[in-house]
Amino acid sequence: MSGAALLLIDGSLGELLVARAELVNGSVTNVRCSSVLTQQSGALPAVAELFPGAGGRSEIAGVVVGRGPGSYTGLRSAAGSALGIARACRVPLIGIGSVEALRTASSSPLSLPIGARESLAVDAQGVRIVPVADAPPRAVLSEIGLSLAEAMFRLATPALCEALEHPERQEENAPLPLLYLAPPRGIKSPQGNL
């Protein structure tokens, strides 16, 4: 396997991180992030920037998506975009825990906003919900985007290699479980949330 183009979409920080990498002989190289990093513009302009031209999207061999936890809206936006692109391109979709990638990407404590009053703290003590006033500095996508993308691609590499080498083992409509800290107001909490 050589030269497979990969797409990453993550919304756990509340903004969309869209990145491209190449999978060469089981290693991820040439990681690039899109300059389009706002939730409002959606993922497609960023994907078009990273995979330009009429045939650009045909280069995509696999899609990686952040499963959370993190921003409710960001996760749903990223997951919907990633799922749609993966199905349209008929390529594997690999979900990666966003917190695990954040811990790999940053040696400093950081937090993800999860509401007006609470944050998700990610540090040496683990992952926990804390009041905003007690939270470590907020993770800023413009500062950690590239290292986060590299970490997510690295974490997804074994599953991507397996999926690309054995496409017959992939379930076409496999669910993509997202990790929410809490359901939106008015919705009963399903089992399996953090």
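The values are calculated or read from the model by the stated rules, or taken from the named source; none is laboratory data. Quick caveat, the model's predicted, so the values are computed rather than measured. We place every Cβ from the backbone using ideal geometry, glycine too, and count neighbours over all the protein chains shown. Surface accessibility is based on the protein's heavy atoms, side chains included, excluding ligands, DNA and RNA. Shrake-Rupley method; radii C 1.70, N 1.55, O 1.52, S 1.80 Å.
Across segment 64-97, the number of residues qualifying as under 28 Å from GLY115 (Cα atoms) and hydrophobic (A, V, I, L, M, F, W, C) comes to 9. Remark: ASP123 falls outside the filter, which requires a residue to be among the acidic types (Asp, Glu) and open to solvent by 80 Å² or more (accessible area, probe 1.4 Å).
Segment 59-135 holds strands (runs of 3 or more DSSP E) entirely within its bounds, and those carrying 2 or more residues that are more than 16 Å from LEU176 (Cβ to Cβ) map to 60-68, 110-113, 118-123, 126-131. Residue count for segment 136-160 satisfying the condition of being part of a helix (DSSP H, G or I), open to solvent by 10 Å² or more (accessible area, probe 1.4 Å) and in contact (Cβ under 8 Å) with a residue 12 or more places away in the chain: 9. Determine, yes or no, whether GLY42 is at positive phi, over 19 Å from the mean Cα position of the chain (by Cα) and surrounded by fewer than 18 Cβ atoms within 10 Å (Cβ to Cβ). No; evaluated as a whole, the condition is false for this residue. Kindly evaluate ALA86 against the criterion of being over 13 Å from the mean Cα position of the chain (by Cα), at pLDDT 90 or above and hydrophobic (A, V, I, L, M, F, W, C). So ALA86 fits the description; yes.
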